[in-house]
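Report on one structure; see the data block that follows.
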Amino acid sequence: MNAPTPAPLAVENAPLVDPFARAIRYLRVSVTDRCDFRCVYCMAEDMTFLPKAEVLSLEEPDRLCSTFIGLGVRKLRLTGGEPLVRRNVMSLVRALGRHLESGALEELTLTTNGSQLAKYAGELAATGVRRINVSIDTLDPEKFAAITRWGRLEQVLAGLDAADAAGLSVKINAVALKDVNIGELEAMVRWCGGRGYDMTVIEVMPMGDIGAQRVDQYYPLSMVRAELARAFTLEDSDYRTGGPARYVTVKETGRRLGFITPLTHNFCELCNRVRLTCTGTLFMCLGQEDAADLRAPLRAHADDAALTHAIRAAIARKPKGHDFIIDRRHAPRSVSRHMSVTGG
Ligand code: SAM
Ligand code: SF4
């Protein structure tokens, strides 16, 4: 006797698994490509942003995220550009909060430059956000202004105070920048320890034309780690957040320290994520150009069947990994879009 055919609904709701047997549980959503900073490694000073007419309304990412959650996504991270400069962004955060309440979503988080945190930290916490990543590459106000071009450290520190007061757990992201902040990373690890924050150091990635040579910014984290290991006892940890960082525990501070090393150590084998832009384009890999348009199926039908089909077709093309290269011997192997399009 033949096995019974599964009910269509069960197939429609089957979890997303890519061709390399990686279950897709994590969606990063860039809610805007715009930003109130112009970090030298992320953007050119005279960036051209997407025309507003191409950007999804805030109801549309809500529907897209809800469809992904129906397909097994358990973790959402809002990013950008700067997510907190998108007008009325809290309406999206509040809407997504219903999936936390129902238990369908395990975690809703945010990556932010912190400039607007003083205004939003309380409401983020009230909506169910528990953890946020805040990007700070230096604790020197002048250097901060130079790296971000338009940012003020004081404003970000006020945002961190508000996040602490709201009970948000904070992780600091710092990009390792040759000849700029490498000598400060030890002090930043201590500062994070003092404030009760975990910290992640990130290798600069060759994404988008920033009007500077990547090779002049790039500093391998293998060297950062060796330098920090002289100052601290770094204990190996198998802690994973579902993200690409490899963590150690800093014995002296008791906090975790992560290393995101796309150049020196490819982290793709455990990749469980895909990335949605503010125009409804899905990137299956941060380091590849291939993408799928979800805006057309989203807008064409009031029900989610065509959208679900487009998502499954995209996941079936998720590549094995990226192949970034930055060194003086090779032409840089990079992607043309800026990090601010898909978020970090
Ligand atoms: N604006 C928010 C922020 O800065 O946290 C969210 C978006 S930003 C694109 C996300 C993360 O990507 C930040 O931690 C930023 O430092 C990092 N980033 C940006 N461009 C990068 C690059 N080319 N290589 C490595 N990290 C980068
Ligand atoms: Fe803006 Fe974040 Fe890019 Fe800096 S890293 S320019 S804060 S999007």
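What to note about this one:
- In order through the stretch 186-192: 3J(HN,Hα) via Karplus (6.51 cos²θ - 1.76 cosθ + 1.60), integer Hz, x for Gly, Pro: 4, 5, 5, 4, 5, 4, 4
- Average Cα contact separation per residue, the chain, under 8 Å, 6 or more apart, as relative contact order %: 21 percent
- Close amide-amide hydrogen proximity is noted between residue 109 and 76, 77, 78, each under 5 Å apart and 5 or more residues distant or on a separate chain (H modeled in the peptide plane; Pro and chain starts excluded).
- All aspartates and glutamates inside 15 Å of residue 75 as judged from Cα atoms, apart from same-chain residues fewer than 8 positions distant: 62, 101, 106, 107
- Helix axis angle, 89-102 relative to the chain longest principal axis, alpha carbon, degrees: 60 degrees
- Spacing of the two label points (7 Å from each Cα toward its C-beta) at residue 226 and residue 44, in nm: 3.6 nm
- Annotation for residue 290 and residue 13: the two label points, set 7 Å from Cα along the Cα-Cβ direction, are 3.0 nm apart.
- Taking N as its residue count, the alpha carbon Rg of the stretch 22-342 over 2.2 N^0.38 Å: 0.96
- Only beta bridges with both residues in the chain are counted; by DSSP, about 30 percent of them are antiparallel.
- Full extension of the chain segment joining residue 158 with residue 305 gains 48.4 nm, where the gain is 0.36 nm per residue of separation less the Cα-Cα distance.
- Distant-in-sequence amide contacts of residue 86, defined by a placed amide H-H separation under 5 Å and a gap of 5 or more residues or a different chain, comprise nothing.
- Relative contact order of the stretch 59-119, defined on C-alpha pairs under 8 angstrom at six or more residues apart (%): 46 percent
- Accessible area per residue for the chain is 44 Å², calculated with a 1.4 Å probe on protein heavy atoms, without ligands, DNA or RNA.
- Residues with amide H under 5 Å from that of residue 276, placed H, sequence gap 5 or more: 28, 29, 30, 283
- Note that the stretch 163-174 has calculated 3J(HN,Hα) couplings of 5, 4, 4, 7, x, 6, 8, 10, 10, 8, 9, 10 Hz, one per residue in order, obtained from phi through the Karplus relation 6.51 cos²θ - 1.76 cosθ + 1.60 (θ = phi - 60°); glycine and proline are x.
- Spread over its residues, the convex hull of the C-alpha atoms of the stretch 83-190 is 104 Å³ per residue.
- Cysteines having no other Cys beta carbon under 4.7 Å from their own, within the chain: 35, 65, 192, 268, 271, 278, 285
- If you wrap the Cα atoms of the stretch 40-101 in a convex hull and average its projected area over all directions, you get 5.4 nm².
- Extending 7 Å from the Cα toward the beta-carbon at both residue 54 and residue 98 defines two label points whose distance is 3.1 nm.
- Residue-wise HN-Hα couplings along the stretch 120-135, as the Karplus relation 6.51 cos²θ - 1.76 cosθ + 1.60 with θ = phi - 60° gives them from phi, are 10, 4, x, 5, 4, 5, 5, 7, x, 6, 10, 10, 9, 9, 10, 8 Hz; Gly and Pro carry x.
The values are calculated or read from the model by the stated rules, or taken from the named source; none is laboratory data. Note that the coordinates shown come from a computational prediction; the quantities given were computed from them, not determined experimentally. With ideal geometry, Cβ positions are generated from the backbone for all residues, glycine too; neighbour counts draw on all protein chains shown. The protein model used for the area step is the full one, side chains on, heavy atoms only, and it has no ligands, DNA or RNA in it. Shrake-Rupley method; radii C 1.70, N 1.55, O 1.52, S 1.80 Å.
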